[in-house]
1. Take the range 83-96 and flag every residue that is surrounded by fewer than 23 Cβ atoms within 10 Å (Cβ to Cβ) and either of a type in the set (Ser, Thr, Tyr) or at pLDDT below 90 (or both).
2. Take the range 51-86 and flag every residue that is touching a residue at least 12 places away in the same chain (Cβ under 8 Å) and among the charged types (D, E, K, R).
3. Only one residue in Leu26, Leu10, Leu6 is assigned to a strand (DSSP E or B), modelled with pLDDT under 80 and closer than 18 Å to Lys143 by Cβ. Which one?
4. Could you please find all residues in the range 63-119 being more than 14 Å from the chain's Cα centre (by Cα) and among the basic types (Lys, Arg)?
5. Does the range 114-121 include one or more residues that are in contact (Cβ under 8 Å) with a residue 24 or more places away in the chain, loosely packed, with under 15 Cβ neighbours inside 10 Å and on the phi > 0 side of the Ramachandran plot?
6. Determine which single condition Glu106 fails, assuming it passes every other condition in (1) surrounded by 18 or more Cβ atoms within 10 Å (Cβ to Cβ); (2) within 18 Å of Pro55 (Cβ to Cβ).
7. Whether any residue in the range 86-99 is assigned to a loop (DSSP other than H, G, I, E, B) and among the small types (Gly, Ala, Ser) is what I want to check.
Amino acid sequence: MKKSVLVIFLFLIPAPLWAKKVVTHLPITCCMPLKIDHVIHFNPRQSKIREVSFPILREVAQIIKSNYLSINYLEVEGHSDARESPKDAKQLSLQRANEVILYLTEEGIPESILHPVAWGSDHPEASNETEQGRTRNRRVEFKIRDGK
């Protein structure tokens, strides 16, 4: 049984949680990505977040909380690999983005600042011809925007 891994912002090889910080702390400004040094795991071809990813998302929530006055619009962008049809890939990426948003709201982040974006397989980071490339393409990215 293959497991599906959703990579967050370009980093592929997860270290144990005790080995390093999960989130790179950067000054928060508009129109920048929130850089994550770890992966979010999902069940294969599903949007359910696996428990191993909860500590990562808790730290993301802490970063957002500590910069709440600087963030009024945060896009949660879902991406997928090209194994699914374009329609199914967009739907799955939207479901995954919404699952991340649900988790973050349960951690105390106001839903009003979180906005899902479904890219499907439209913006690959790597080739979809290899498993490594497909793994890189299954990801969620967080982008801080000026309020819309």
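The values are calculated or read from the model by the stated rules, or taken from the named source; none is laboratory data. None of these values were measured; they are calculated from a predicted model. We place every Cβ from the backbone using ideal geometry, glycine too, and count neighbours over all the protein chains shown.
1. Hits for the range 83-96 are Arg83, Glu84, Ser85.
2. Arg58, Glu59, Lys65, Glu75, Glu77, Asp81, Arg83, Glu84
3. Step by step, each of Leu26, Leu10, Leu6 is checked, and only Leu6 is assigned to a strand (DSSP E or B), modelled with pLDDT under 80 and closer than 18 Å to Lys143 by Cβ.
4. Lys65, Arg83, Lys87, Lys90
5. So far as the range 114-121 goes, no, none of its residues is in contact (Cβ under 8 Å) with a residue 24 or more places away in the chain, loosely packed, with under 15 Cβ neighbours inside 10 Å and on the phi > 0 side of the Ramachandran plot.
6. Condition (1) is where Glu106 drops out.
7. no
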